[in-house]
1. Using the Cβ atoms and a cut-off under 13 Å, what net charge is assigned to the surroundings of Glu149, where Lys and Arg are +1 and Asp and Glu are -1?
2. Given R₀ = 45 Å, FRET efficiency for Val93-Asp188 by Cβ-Cβ distance, to 0.05?
3. Less than 11 Å from a label point 7 Å out along the Cα-to-Cβ axis of His239: which backbone N atoms in the range 271-302 qualify, by residue?
4. As an exercise, take the mean of 1/r over every pair of distinct alpha carbons in the range 10-56, invert it, and state the Kirkwood radius in angstroms.
5. Compute the relative contact order of the range 134-223 as a whole-number percentage, counting only Cα pairs closer than 8 Å that sit 6 or more residues apart in sequence.
6. Would you mind counting up the charge near Ile209? Only other residues with Cβ under 11 Å from its Cβ, with Lys and Arg at +1 and Asp and Glu at -1.
7. Could you tally the net charge around His186, taking each other residue with its Cβ under 12 Å from the Cβ of His186, Lys/Arg +1 and Asp/Glu -1?
8. What is the ratio of the Cα radius of gyration of the range 134-223 to 2.2 N^0.38 Å, with N the residue count, to two decimals?
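Just so you know, all these numbers are worked out from the coordinates, no wet-lab data involved. Since the model is a prediction, treat every value here as computed from it, not as a measurement. Glycine also receives a Cβ, built like all others from the backbone with ideal geometry; neighbour counts cover every protein chain displayed.
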Amino acid sequence: MQGNAEGVSLTGIMETYEVSRRTAERMRDAVREVFPQVEEFHLGDGLKRWRIRSSRAISPIPVLADELAALHAAATSFRQDGRDDQAAMLDTVSVKLRSLLRADDRRRMDPDLDALMEAEGLVLRPGPKPRIDGKVLAELREAIKGCEEVILRHVSRSSGRESQHNVRPYGFLYGGRHYLLAYNPHPDVADFRLFSLSNIREVTRQDAIFERQADFSLQAYAANSFAVFQEEPVDVLWHVAAEAAAEARDFLFHPSQSFEEQADGSLLLRFRAGGLVEMAWHLFTWGGAIRVLEPPELLTAIDQMTKDFISAHPLQGRVAGTTFRGGGPAVAD
């Protein structure tokens, strides 16, 4: 379309790129979305044509196999986390980029792209994969962009009770579960609340427009907690054993973290956050490599979790003297 006074027709696209009419239509639509200056016109031969006038010429966009492979990996990661709607958006971006390539360029790129996509593996992370209604997300995104109040039809995960909430949506927090962060203006609440996205059954956008709090930061809100659960932040102090010190230094526990090296090679890890339950959950993944020094409430939470776990897995019926040995491929140091 660029600099071609006669423009291009669907037939021309089909012949040049050796594609079907439907694919040619998608390619045309992709270009029109990226470049709104595309003009539609007729030359008198009965065919619709499209062009970008030379005065509005654009430079070709180079697309690399590595970039498309990165989009594919990101989409795969999103799907693994239950974020199918965002994965679909990345797939659409990939299709649009590929549609800008000539047929011979695509053929040259495909072997490299296939190899890169095959080489990018993602470890399956056990945990809840929330089932989130795509329509719910679409409505919430539109409401967030337009600063529109919404009514949520929400089901409690613990009691199964359904309730309605008139709220002002601010954004999403993604973790083990995915949440909507919204401000509830009801006089009895007047604060921010988290709603599990998988438990929102319906979103109804309202005509009421709200003004976002100018001093509110989603990142700062999330940083108050170790993960998602919001609590009053507390000072945390953990001792990391020497054999785990190198791994811990490469680990982001919290944005406010700091390390203090000890004479024996161990570390003192400090940060300030809420979310003691999620801290306790995480500490179990480190075995005995991390020991809690502060706060005492975290020790209490770990103690209760341990008792509950042992109670659910009594020793009776197990073979005495057996030890657990992990399996799997060897990992180089």
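1. Net charge in that neighbourhood comes out at -2.
2. It comes out at approximately 0.55.
3. So the set is 290-294.
4. That comes to 11.4 Å for the range 10-56.
5. That works out to 32 percent.
6. -1
7. With Lys, Arg at +1 and Asp, Glu at -1, the neighbours total -1.
8. 1.02
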